[in-house]
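Participant: Would you mind keeping the following structure in view while I ask a few things?
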Amino acid sequence: MTTPAKTTPAERLDKITQDQLCIGCGLCASFAGEDAIGFGMNDEGDLIPFARDGLTDPLMDQVEQMCPSLRVEGLPQDLIDTSPHHDLVWGPYHGLKTGHAGDATLRHIGSTAGVLTAIGCYLLASHQVDFIAHVKAPDHDDDNLPHHGVATVSTTEDEVIAAAGSRYGPTAPLINIMALLDRGQPFALIAKPCDLNAMRNLAHLDERVNRLVKYWLTPVCGGFSPDEGYQQFLDRHAIPKDEVKALRYRGYGCPGPTQLTMASGATNDIHYLDFWGDDESHWVLPLRCKICPDGIGEGADLAASDTWDGGSPDRVESETDLGLNHMIIRTKQGMDLVKDAVKAGYLTITKEAEIEDLNRTQPHQVKKKYAGLARAHGLAAAGSVAPALVNIRAEALSDAAGDDAYHHEKQGTMKRALAIKPS
């Protein structure tokens, strides 16, 4: 792990944000407490932590151990060792499935096919957990920006369903996580892969994590859009920012429209591809997302992905696509969950999936996996913080990619990291 120079605790924390590696998950602020670390939005619209007087060197040592920009961990070794299948790119797994929510309405309103929403509903209905910790869109009348996400807790199926749909804006899903652990109740966590990496790190510092987080669930993630990306989207469509009161990124179809609710009450439906652009080269992503070594959810019991060939929906076909999810089921716990949810009617499995299905539909994830170590080394060479990569086969992937690919990715990342540093 490449850590900040041992200066003051505040400087160590600031370096993570200044190097643009912070994902704004909120874990450090929740863990340290408000006397040590505050949390809020900076002038660029990013959610970041900031040091307060109570931040000490020992506490900052712990923050560095849990930060998913300094340490990216997949499954614990015992779960890897007991996995019946291993793939160099996709990691350990017990099964690969293709399917959708068993309920047609849930399938329609979910981001792709409603699998994570359906599983959340099933876990509550079967009383296997007391609540679901996940994210939702902000309420129309609260102080949050419409393109952000908000950490939430659901204790009923209706609450889970109300939070359906991806949130691509800045979100702090772990901002209240210590308070949730303090409840002492079993729960399921649905969050981005990097947020799960953070929680796997926290498990080494707090034994309650593995005892109380009964299910670890995630979407396969291509990154989130910072405020800059949202503003560019509005500018392309000549939409005044202060007139947007609510934003749904996708859902009600596969992927469904990006829908803006205006101050007048009118809604404006825009094609999903017109938010992101037609290919990866148009995506506006934070640096941390561009170098992400684990968009495939290696720390999860189950990761659900889109199933579009080439990694992007077809403009015409997406209008009538009912939606399917691939499911990478990494643990026996996850496999038992899927079997039980199918038996209860909450999930429908349409076929067994293959590794080639994942490669074909997630080509950008394949590229990121091979480049993970080189990109981490490129950050370090630029003097930036850089993550240690634990239990995600980083060295073997880099060796398989070859020396030319390693040097190309390392140099490219180093240039990116140097370009954001003050002159």
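Participant: List pairs: first in the stretch 23-44 and charged (D, E, K, R), second surrounded by fewer than 21 Cβ atoms within 10 Å (Cβ to Cβ), Cβ under 8 Å, 6+ apart or cross-chain?
Facilitator: Between residues of the stretch 23-44 that are charged (D, E, K, R) and residues that are surrounded by fewer than 21 Cβ atoms within 10 Å (Cβ to Cβ), the close pairs are GLU34/ARG52; ASP35/ARG52; ASP35/ASP53; ASP35/GLY54; GLU44/GLU228.
Participant: Only one of (1) under 16 Å from the mean Cα position of the chain (by Cα); (2) open to solvent by less than 30 Å² (accessible area, probe 1.4 Å); (3) under 26 Å from MET41 (Cβ atoms) fails for LEU217. Which number is that?
Facilitator: Single failed check for LEU217: (3).
Participant: A follow-up question, please. Given (1) open to solvent by less than 20 Å² (accessible area, probe 1.4 Å); (2) modelled with pLDDT under 95, identify the lone condition not met by ILE296.
Facilitator: Looking at each condition in turn, ILE296 falls short on (2).
Participant: Examine the stretch 356-365 for a residue that is of a type in the set (Lys, Arg) and farther than 30 Å from ASP46 by Cα, and state whether such a residue exists. Don't jump to the end; show me each part of the working.
Facilitator: Let us first name the residues in the stretch 356-365 that are of a type in the set (Lys, Arg), namely 360.
With the extra rule that they be farther than 30 Å from ASP46 by Cα, the set shrinks to 360.
Within the stretch 356-365, one or more residues are of a type in the set (Lys, Arg) and farther than 30 Å from ASP46 by Cα.
Participant: Going through the stretch 64-87 one residue at a time, which ones are open to solvent by less than 60 Å² (accessible area, probe 1.4 Å) and in a loop (DSSP other than H, G, I, E, B)? Before you say what the answer is, go through the steps one by one.
Facilitator: First, pick out the residues of the stretch 64-87 that are open to solvent by less than 60 Å² (accessible area, probe 1.4 Å): 64, 66-76, 79-80, 83, 87.
Selection gives CYS67, PRO68, SER69, LEU70, GLY74, LEU75, PRO76, SER83.
Participant: Considering only the stretch 142-164, state which residues are at pLDDT 95 or above, open to solvent by 70 Å² or more (accessible area, probe 1.4 Å) and of a type in the set (Asp, Glu).
Facilitator: Result: ASP158, GLU159.
Participant: Of everything in the stretch 365-417, what is farther than 27 Å from PRO76 by Cβ and either open to solvent by less than 50 Å² (accessible area, probe 1.4 Å) or outside any helix (DSSP H, G or I) (or both)? Give them in sequence order.
Facilitator: Those that are farther than 27 Å from PRO76 by Cβ and either open to solvent by less than 50 Å² (accessible area, probe 1.4 Å) or outside any helix (DSSP H, G or I) (or both): GLY378, ALA382, GLY383, SER384, GLY402, ALA405, TYR406, GLU409, GLY412, THR413, MET414, ALA417.
Participant: How many residues are assigned to a loop (DSSP other than H, G, I, E, B), farther than 14 Å from PRO255 by Cβ and among the charged types (D, E, K, R) if we restrict to the stretch 295-348?
Facilitator: Start the filter on the stretch 295-348 by keeping residues that are assigned to a loop (DSSP other than H, G, I, E, B), which leaves 295-301, 306-308, 312-316, 320-324, 330-331, 344-346.
Cutting the leftovers down to farther than 14 Å from PRO255 by Cβ gives us 295-301, 330-331, 344-346.
With among the charged types (D, E, K, R) added as a condition, the list becomes 298, 301, 330.
Residues flagged as assigned to a loop (DSSP other than H, G, I, E, B), farther than 14 Å from PRO255 by Cβ and among the charged types (D, E, K, R) within the stretch 295-348 amount to 3.
Participant: Examine the stretch 195-209 for a residue that is out of contact with any helix residue (DSSP H, G or I) (no Cβ under 9 Å at 6 or more places or on another chain), within 26 Å of VAL338 (Cβ to Cβ) and surrounded by 21 or more Cβ atoms within 10 Å (Cβ to Cβ), and state whether such a residue exists. Spell out the reasoning first.
Facilitator: Filtering the stretch 195-209 down to residues out of contact with any helix residue (DSSP H, G or I) (no Cβ under 9 Å at 6 or more places or on another chain) leaves 196-197, 207.
Going one step further and asking which of them are within 26 Å of VAL338 (Cβ to Cβ), we end up with 196-197.
So of that shortlist, the ones also surrounded by 21 or more Cβ atoms within 10 Å (Cβ to Cβ) come out as 196-197.
Looking through the stretch 195-209, at least one residue is out of contact with any helix residue (DSSP H, G or I) (no Cβ under 9 Å at 6 or more places or on another chain), within 26 Å of VAL338 (Cβ to Cβ) and surrounded by 21 or more Cβ atoms within 10 Å (Cβ to Cβ).
Participant: Got a number for residues in the stretch 225-254 being out of contact with any His (no Cβ under 9 Å at 6 or more places or on another chain), at negative phi and in a loop (DSSP other than H, G, I, E, B)?
Facilitator: Count: 5.
Participant: Okay, next question. Just checking, how many residues over the stretch 123-141 are modelled with pLDDT of 95 or more, over 16 Å from the mean Cα position of the chain (by Cα) and surrounded by fewer than 24 Cβ atoms within 10 Å (Cβ to Cβ)?
Facilitator: Matching residues across the stretch 123-141 total 8.
Participant: Given the conditions (1) modelled with pLDDT of 90 or more; (2) more than 30 Å from MET199 (Cα to Cα), which single one is not true for PRO255?
Facilitator: The single condition PRO255 does not satisfy is (2).
Participant: Any chance you could count how many residues in the stretch 259-273 are at pLDDT 95 or above and open to solvent by less than 10 Å² (accessible area, probe 1.4 Å)?
Facilitator: Matching residues across the stretch 259-273 total 1.
The values are calculated or read from the model by the stated rules, or taken from the named source; none is laboratory data. None of these values were measured; they are calculated from a predicted model. Here the Cβ is made from the backbone with ideal geometry for all residues, glycine too, and neighbour counts use every protein chain on show. All accessible areas refer to the heavy atoms of the entire protein, side chains included, with ligands and DNA or RNA removed. Shrake-Rupley method; radii C 1.70, N 1.55, O 1.52, S 1.80 Å.
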